[in-house]
Amino acid sequence: MTLKTIAKVKPAFPFEAYSHLVSPIDVLDGGGFMFTMPDIPGVMADGATELEAIADGREAFIAIVSAMVDMGQEVPAPVFNAQDFTPASASGKVLARLPRSMHLQLTARAKTEGVSLNSLVLAFIAEGLGRRSATRA
């Protein structure tokens with residue numbers, strides 16, 4: 001296996017120019033807070049407190065932006081505006097019906113990785129959003 005060192009870059013837009021969301025993580029999923037940056041879907045972090053989640057989010061932002069630049073991808077400009085979304089428009093709850101076989105596979109994978117089913121599905125969704133936005137660039 002070959003390791004590649006990716007140099008940190010100075011982003012065209014600073015961390016503070018991007019909107020971010022910090023939301024509580026259910027105690028059943030370990031508690032703490034989740035940090036996401038809607039303009040750059042791969043940027044996710046968590047922390048025991050909101051401040052820790054934001055600090056880890058800053059590190060994730062630099063890492064993702066540096067990796068995008070290294071791969072020749074364009075870093076999206078900040079456009080998401082958290083004020084456009086109200087708590088009524090995004091409750092954070094999604095109900096999805098799955099085939100039993102898929103539910104079984106997800107449950108087994110979550111157990112293997114030592115996380116809750118909810119955390120695993122959230123990670124897969126975030127990963128998928130990141131890939132989708134990368135293909136549109």
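Just so you know, all these numbers are worked out from the coordinates, no wet-lab data involved. Here the structure is a predicted model, which is why all the values come from computation and not from measurement. So basically every Cβ, Gly included, is an ideal-geometry build from the backbone, and we count neighbours across all protein chains shown.
Overview of results
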item	result
Under 19 Å from K10, Cα to Cα: aspartates and glutamates that are on another chain or at least 8 residues apart	D39, D56, E59, D70, E74
Helix axis angle, 100-113 relative to the chain longest principal axis, alpha carbon, degrees	60
Nearest-0.05 FRET efficiency for T2 and K93, computed from C-beta distance (R0 30 Å)	0.10
Nearest-ten-degree value, helix 50-70 long axis tilted from longest Cα axis of the chain	60
Angle between the chain longest axis and helix 117-136 axis [Cα atoms, degrees, rounded to 10]	40
Average Cα contact separation per residue, region 15-136, under 8 Å, 6 or more apart, as relative contact order %	23
Calculated FRET value between S101 and Q73, using beta carbons and R₀ = 22 Å, to 0.05	0.05
Highest-fluctuation residue, F61, F35, F15 considered, GNM on the chain with Cα pairs under 10 Å	F15
Leading residue at positive end of dipole, the chain (Cβ point charges), from G32, S119, A63	S119
